[in-house]
Amino acid sequence: MPTTPDRLRLSDRLEISRAVTGLWQVADIEKDGAIIDPDTGAGWLAAYADAGFDTFDMADHYGTSEIITGRLLAQGRVPRPVAFTKWCPAPGPMTADVVRAGVQERLDRLGVDRVDLLQFHWWTFEHPQWLEALHHLADLRAEGLIGELGVTNFDAAHLNLALSDGVPILTNQVSFSLMDRRGAGALADVCERHGAWLLGYGTLNGGFLSDKWLGKAEPDQIGDWSKMKYHRFLQAAGGWEAFQAVLQAAAQVARKHGVSVSNVATRWVLEQRRVAGVIIGARLGENFHAGDNLNLFRFALDAEDRAVLDAAFAQTTPIPGDCGDEYRKPPFLTASGDLSHHLEAIPKPFAPQPVPVRAGGTRVLTGSHWEDVAGYCRAHRIGDRILVSGTTAVAGLSRAVAPQDAGAQTTYILDRIVAAVMSLGGKADDIVRTRIYVTRDEDVLAISNAHGRVFGEVKPANTLVKVAGLVGDHLVEIEAEAIVSP
């Protein structure tokens, strides 16, 4: 019988406990202004480390979690605890200096020279600076300020885009549970293809996936942020009745193995493809579940167990969209039901400006070198009509993004097209026509899948044409038209 959690070496720079202690709830504990004493908090973390749960996950906005962990690291413990943190900047320019300052703040708060795993979150992919930020973070990894680079809440398309563009992403941390199984699909496929790993959070649905809630009525009022957030997940997955069906199935499996419902819920995630570890939240100073969490490594699910759980899954509704969509589009599955407790507002990707030669016309420029050389804009609005120029996946002056992956290029292009339409007052649903120019027959399916991911419900009129070639390493070019709804 194991006496410590299983461990996994993800790279020559990073080895982790497969049960990671999550510190998101530090923010919840401190939300009323009572700050945890750093030395007291470090003592609580030390108890987890002593039990073998020596890998900790936090973020820039998880209250004082980085400071508390820094006090633990300053104790000089052997072996040294492992610290993951996240940088979640607001959308805006991502210059090398901005990115360095964001990482330096993490280093200062942790009191270290190198972050073991720096995870990057971006709120909206229509703001194109996210890819620039990742390349700057890769430079800091090469410099030694970052041990390994990860992302959080990236969907399959954008994780693939970043990896295909050469960013050395090792992990993607996403919501993953018996009630939220999105990570088992396309995202796992991308990780298998590129050798990346998943870290699952929300595995207990804020504590709902536990014996405590088996057979209980749905709560009328919820007091803490974690349960507020994950109650929305339960509602999106079919409601309380569907949740209870899954809970009852997990309880059946738990009785068979002599473990808790929480153990079964977490073990199921841990056994999914490309899952390196699971984040198990800790309410410091209130509960200490290291003993029960250790049971996670004392059993494994068999075919009978998985069949019982699969039968319960059939009674649920899949969470809409892909991983991370809960932060980017309605329904927002956050504690407040929107992004108000994260961001004041999301600015337009590009600044609209009047057209000097057309009264009432507006346009957007993206800062491309060629817009001035060739004399064109990215998009032009006349009345309720928006015309978007032919767009390729170009970064900087002329570098083709993901030069060997037409599907990834399409994802990048459509983000820029939607960004231009949004900047001129429209939205993706307003796009009524797209024209796609491709250079290779074998890329048509990947390009079509990327187009369908964005426009599967909208279904604009579309033309796809094979051309003899495009400039440089560009495999696809797309133009679009939108009619803005009243």
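The values are calculated or read from the model by the stated rules, or taken from the named source; none is laboratory data. Not measured: the values here are computed from a predicted model. In this analysis, Cβ positions are derived from the backbone assuming ideal geometry, glycine residues included, and neighbour counts consider all displayed protein chains. Calculation scope for accessible area: heavy atoms of the full protein, side chains included, ligands and nucleic acids excluded. Shrake-Rupley method; radii C 1.70, N 1.55, O 1.52, S 1.80 Å.
The table below gives the values:
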quantity	calculated
All strands (runs of 3 or more DSSP E) inside the range 329-445 with 3 or more residues being surrounded by fewer than 21 Cβ atoms within 10 Å (Cβ to Cβ)	385-391, 431-438
Any chance ASP113 is in contact (Cβ under 8 Å) with a residue 40 or more places away in the chain, under 27 Å from LEU8 (Cα atoms) and among the charged types (D, E, K, R)	no
Complete set of residues in the range 173-191 that are touching a residue at least 40 places away in the same chain (Cβ under 8 Å) and surrounded by 22 or more Cβ atoms within 10 Å (Cβ to Cβ)	GLN173, VAL174, SER175, PHE176, SER177, LEU178, MET179, ASP180, ARG182, GLY183, LEU187, CYS191
Pairs where the first residue, in the range 127-142, is assigned to a helix (DSSP H, G or I) and the second is basic (Lys, Arg) and at pLDDT below 95, C-beta under 7 Å, 6+ apart	none
Qualifying residue in the range 192-199 (condition: in contact with a Ser or Thr (Cβ under 7 Å, 6 or more places away or on another chain), modelled with pLDDT of 95 or more, under 24 Å from GLY22 (Cβ atoms) and assigned to a loop (DSSP other than H, G, I, E, B))	yes
Close pairs from the range 75-87: first at pLDDT 95 or above, partner among the polar types (S, T, N, Q), Cβ under 6 Å, at least 6 apart	VAL82/THR55; ALA83/THR69; LYS86/GLN119; LYS86/THR152
Answer residue from the range 446-470, given it is without any contact (Cβ under 8 Å) to a residue 40 or more places away in the chain and part of a loop (DSSP other than H, G, I, E, B) and is most open to solvent (accessible area, probe 1.4 Å) among those	GLU457
Matching option when the condition is more than 28 Å from SER336 (Cβ to Cβ), open to solvent by less than 10 Å² (accessible area, probe 1.4 Å) and touching a residue at least 40 places away in the same chain (Cβ under 8 Å), among ALA251, ALA237, ALA265	ALA251
Test: residue in the range 106-125 that is buried (at least 20 other Cβ atoms within 10 Å of the Cβ), of a type in the set (Asp, Glu) and not in a strand (DSSP E or B)	no
Residue selected from the range 138-157 under the condition aliphatic (A, V, I, L, M) and either out of contact with any helix residue (DSSP H, G or I) (no Cβ under 8 Å at 6 or more places or on another chain) or at positive phi (or both), by the criterion surrounded by the fewest Cβ atoms within 10 Å (Cβ to Cβ)	ALA142
Residue check, THR317 hydroxyl-bearing (Ser, Thr, Tyr) and either closer than 30 Å to LEU270 by Cα or without any contact (Cβ under 8 Å) to a residue 12 or more places away in the chain (or both)	yes
Test set (1) crowded, with 23+ Cβ neighbours inside 10 Å; (2) touching a Phe, Trp or Tyr at 6+ places or on another chain (Cβ under 8 Å); (3) in a helix (DSSP H, G or I) - ASN160 fails condition number	(2)
The range 200-219 - residue that is in a helix (DSSP H, G or I) and open to solvent by 20 Å² or more (accessible area, probe 1.4 Å) and, of those, nearest to ARG182 (Cα to Cα)	GLY207
Condition met for HIS257 (at pLDDT below 95 and open to solvent by 10 Å² or more (accessible area, probe 1.4 Å))	no
Members of the range 134-190 that are among the basic types (Lys, Arg) and either in contact with a Gly (Cβ under 7 Å, 6 or more places away or on another chain) or under 22 Å from ARG9 (Cα atoms) (or both)	ARG141
Count of residues meeting criterion [assigned to a helix (DSSP H, G or I) and either within 24 Å of TYR62 (Cα to Cα) or under 25 Å from the mean Cα position of the chain (by Cα) (or both)] in the range 262-295	11
Condition broken by ALA250, with the remaining ones in (1) of a type outside the set (Ser, Thr, Tyr); (2) part of a helix (DSSP H, G or I); (3) closer than 24 Å to TRP123 by Cβ satisfied	(3)
